[in-house]
Amino acid sequence: MSVAFAETRLPAMAWLAGAIAALPLVASVAALWLPERGIDTLAREAGPIYAAFLVTFFSGIRWGALLNPVSPRELLLGLMPPYAAWIALMLRPEFALCVLLIVLLLQALADVLAVEAGRLPYWYGKWRMLLTAAAGVTLLAMLGERLFR
């Protein structure tokens, strides 16, 4: 195991990148409550699309980390989340948000298991869970807005 994989502290750049990555989702949720400006319509469309991009981003990180000796099964499983996100965008918005949330959670579980197996750096598991929590809360807020407003 390399020193980088054994590092337990979350690197400062990962904190910064995570905060920047979460901003569009947080902004989408905030914009849902600004109907007088007309931004809410855009936010309803942009939030799920950005969440689909995040799914693909996390999948890319996983692929990059697993490109060492890896089984064809793992490579194929790495393709599933982006395709699920793409398909989700073709569903009714309420279903799309549910599918995106489920995919993000399953992806996070797979990443945490990869951390525990030593295939991803220890700090990545913490970072991934923080970003998944932020994305999950915002997706739930978007879903709640659609269902109850």
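Structure notes:
- When Met142 is tested against the conditions (1) over 28 Å from Pro35 (Cα atoms); (2) touching a helix residue (DSSP H, G or I) at 6+ places or on another chain (Cβ under 9 Å), the lone failure is (1).
- Any pair with Cβ under 7 angstrom, 6 or more apart, that starts in the stretch 79-102 at a residue that is over 14 Å from Phe58 (Cβ atoms) and ends at one that is basic (Lys, Arg): Pro93/Arg44; Pro93/Arg146; Glu94/Arg146
- Any hit, the stretch 50-65, residues being over 15 Å from the mean Cα position of the chain (by Cα) and of a type in the set (Lys, Arg): no
- Any hit, the stretch 128-136, residues being among the basic types (Lys, Arg), at pLDDT 85 or above and over 23 Å from Ala17 (Cα atoms): no
- Restricting attention to the stretch 45-61, the residues that are over 14 Å from Ile102 (Cβ atoms) and touching a helix residue (DSSP H, G or I) at 6+ places or on another chain (Cβ under 7 Å) total 5.
The values are calculated or read from the model by the stated rules, or taken from the named source; none is laboratory data. Keep in mind that what you see is a predicted model, and the values were worked out from it rather than measured. Don't worry about glycine lacking a Cβ; one is built from the backbone with ideal geometry, like all the others, and counts go over all protein chains shown.
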